[in-house]
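No value in this document is a laboratory result; all are computed from the given coordinates. This is a predicted model, so every value here is computed, not measured. Cβ: placed from backbone, ideal geometry, glycine included. Neighbour counts: every protein chain shown.
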Amino acid sequence: MRQLLTSVAFAAVALLPMPSFALDAPKGDVILTITGNLDHPNVDGTAQFDLQMLEALQGRSGSMETPWTTGKVEFSGPLFRAVLDAAGAHGSDLKLVALNDYAADVPFEDAAKLDTMLATRMDGQVMSIRDKGPVFLVYPFDKDGSLYNENYFSRSVWQIKAIEVK
């Protein structure tokens, strides 16, 4: 009988709604805001990130040449998919918006399948607005030379302030 009661108790607990993942609110200056289809918003239906939050996520670094820099530069920052996962983003398209309101559409697949990063550092230094910061979408040109073309260059937005998930 005791074993039956224990089994019933475990079954009842299993049926209780589990708390969803909670994205902490930013403590520092917000440098990136994600809107749209999100399961883990943290401020008024949006997912807002400060530098510390972004840099705490799974990331990568890569030394590469780009059309916008001179010689090889080392970029580092969170993987784009890690940022979207933290926000609980789901959809098929992403609209990246820069500080000057330049915008580009990026397929969600680019974040999911490629090791794209939202670079926050260049050569170890936090990226200033003057140096394409605070956030720059960098494709893994160091891992896949076939990405080094105008199609991906046009999606490589710098000075990103917002991402809309559609």
### Task
Return the distance in nm (one decimal) between the two label points of a simple spin-label model at Arg130 and Asp29, each offset 7 Å from Cα along Cα→Cβ.
1.4 nm
### Message
Going by amide H atoms built from the backbone, whose H comes under 5 Å of the H on Gln159, apart from near neighbours?
### Response
Gly133, Val135
### Message
I need the fraction of alpha carbon pairs in the chain separated by more than 29 Å, rounded to a whole percent.
### Response
25 percent
### Query
Karplus couplings for segment 102-113 from phi (6.51 cos²θ - 1.76 cosθ + 1.60, θ = phi - 60°), rounded to Hz, Gly and Pro as x?
4, 9, 9, 8, 10, x, 3, 4, 4, 6, 6, 9
### Message
A 20 angstrom limit on the alpha carbon distance is what I want to check against. Which of Lys27/Lys132; Lys72/Lys161; Lys113/Lys143; Lys27/Lys161; Lys113/Lys166 exceed it?
### Response
Lys27/Lys132; Lys72/Lys161
#### Entry: Between 0 and 90°, nearest 10: helix 2-15 axis offset from the chain longest Cα axis
40 degrees
### Task
List the residues whose amide H sits under 5 Å from the amide H of Gly77, counting only those 5 or more places along or on another chain, with H placed 1.01 Å from N in the peptide plane.
Arg60, Thr120
#### Entry: Per-residue HN-Hα couplings for segment 82-97 [Karplus 6.51, -1.76, 1.60; θ = phi - 60°; Hz; x = Gly/Pro]
5, 5, 5, 4, 4, 7, x, 6, 8, x, 10, 9, 10, 10, 9, 10
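Assign unit charges at the C-beta atoms only (+1 for Lys and Arg, -1 for Asp and Glu), then state the dipole size of the chain relative to its Cα centre in Debye, rounded to the nearest 20.
About 340 debye.
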### Task
For segment 39-50, take each phi angle, set θ = phi - 60°, evaluate the Karplus expression 6.51 cos²θ - 1.76 cosθ + 1.60, and give the result in whole Hz per residue in order, putting x for glycine and proline.
9, 10, x, 10, 9, 6, x, 10, 10, 10, 10, 9
